[in-house]
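The values are calculated or read from the model by the stated rules, or taken from the named source; none is laboratory data. Because the structure is a prediction, the values reported are computed rather than measured. All Cβ positions, even for glycine, are placed from backbone atoms using ideal geometry, and neighbour counts span all protein chains on display. Heads up: the accessible areas ignore ligands, DNA and RNA and are worked out on the full protein's heavy atoms, side chains in. Shrake-Rupley method; radii C 1.70, N 1.55, O 1.52, S 1.80 Å.
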Amino acid sequence: MDRMDDTESIAGILLPGHLHSQQSLQYAQDFQFKEEDIVIVTYPKSGTTWMQEILTLIYSRGDDDIATTVPNWRRAPWLEHIYFKDVIIEGNGPRIITTHLPSDVLAPALQKSKAKVIYVARNPKDVAVSYYYFHKMARFLPNPQPFPEFLEKFLEGKVYYGSWFEHVKDWHSVSQTLDFFYITYEDMQKDLRRSIKKICQFLETPMYSKEVDKVEQHSNFAVMSQNSMVNYTLIPCEIMDHTQSKFMRKGVVGDWQQHFTEEQNKMFDKVFQEKMSDCDLQFIWTLK
Ligand code: PPS
């Protein structure tokens, strides 16, 4: 498959060459955001697709027509991807743009533009597990080693898209300089309706209760798992092999408990405490 084994890099971070090129990364760096743009920022496996769906549904006032007929990568394309410039729509109204890029690459352009930024974070133990399974199914990522080795690499930040710790902390450190909304995957799991309402407030898009009902209904895991516009079953299996793992895999908080040994958990906690000692963000590891 085209560029499947290639690797690109930006700001010292490795990215799959199947999706990125030097030109697409330059285009992303030079991109001029507009004040009306909404930019979803995430480290991979943190709730990107979920937020893309929620925003799509908010802007269609709960109607699922667009959500069920247009693939997420068209209605909320990734800024850094090769196809971005061909799909980004010029015109009035908010454009939903997605990115996994680090803040040092994008914050300066975002600061100039006043675009709204929604940062979705997820507890890194679940991110590591989700990312491990994604490596199994996404053929444009390196074949994952056994889980223990993958986990070590994840903690060292030696995976594609770089260190989870740096991503979260660096974006957090520029949050005051941006029109910035921070939410976690776990917040959305705990109370999806409340999360949708908070997002609406941030977007200054008031909604009727019945519209919020619909957004909630169409963005729940069971519905999204069946929606081919977001579950990646439209992608050929040479690129994403759903026999290895589904993209919409489990959609829960705390799946790491099924994967981590006690020793791995201790090691993880130790690294987490060290790396996050200068950051006040709190994470939810399980839902009781
Ligand atoms: S990616 O590849 O970076 O775009 O992946 P991303 O969308 O950020 O993360 C995929 C994980 O999010 C889960 N997901 C959901 N969980 C709960 N509810 C809803 N609606 C939902 N939509 C996506 C998805 O299942 C992946 O998590 P895991 O733990 O692997 O199941």
Condition first: open to solvent by 10 Å² or more (accessible area, probe 1.4 Å) and either within 19 Å of R75 (Cβ to Cβ) or in a loop (DSSP other than H, G, I, E, B) (or both). Now tell me which residues in region 1-23 satisfy that.
M1, D2, R3, M4, D5, D6, A11, G12, H18, L19, S21
State whether one or more residues within region 79-91 are within 15 Å of the ligand (Cβ to nearest atom), closer than 15 Å to V117 by Cα and at pLDDT 95 or above.
yes
Going through region 28-69 in order, the residues found to be more than 9 Å from the chain's Cα centre (by Cα) and among the hydrophobic types (A, V, I, L, M, F, W, C) are A28, F31, F33, I38, V39, I54, L55, L57, I58, I66, A67
Every residue from region 96-136 that is of a type in the set (D, E) and either in contact with a Phe, Trp or Tyr (Cβ under 9 Å, 6 or more places away or on another chain) or free of Cβ contacts under 8 Å to residues at least 40 places away in the same chain (or both)
D126
Within region 210-220, identify whether any single residue is closer than 30 Å to S113 by Cα and in a loop (DSSP other than H, G, I, E, B), and answer yes or no.
yes
Scan region 25-51 for residues that are closer than 11 Å to E80 by Cβ and open to solvent by less than 10 Å² (accessible area, probe 1.4 Å) and report the count.
2
Would you mind finding the one in C237, C279 that is away from the ligand (no atom under 16 Å from the Cβ) and open to solvent by 30 Å² or more (accessible area, probe 1.4 Å)?
C237
Checking the structure you have, find out if any residue of region 261-271 is part of a helix (DSSP H, G or I), among the polar types (S, T, N, Q) and open to solvent by 30 Å² or more (accessible area, probe 1.4 Å).
yes
Scanning region 169-196 residue by residue, those free of Cβ contacts under 8 Å to residues at least 60 places away in the same chain, surrounded by fewer than 17 Cβ atoms within 10 Å (Cβ to Cβ) and not hydroxyl-bearing (S, T, Y) turn out to be Q176, D191, R193, R194
Considering only region 219-234, how many residues are within 8 Å of the ligand (Cβ to nearest atom) and either open to solvent by 40 Å² or more (accessible area, probe 1.4 Å) or of a type in the set (D, E) (or both)?
3
Quick check, is I96 surrounded by 15 or more Cβ atoms within 10 Å (Cβ to Cβ), within 14 Å of the ligand (Cβ to nearest atom) and closer than 20 Å to T42 by Cα?
yes
Every pair of residues 6+ apart whose Cβ atoms lie under 9 Å, when the first sits in region 266-280 and is of a type outside the set (S, T, N, Q) while the second is exposed (fewer than 13 other Cβ atoms within 10 Å of the Cβ)
V271/E156
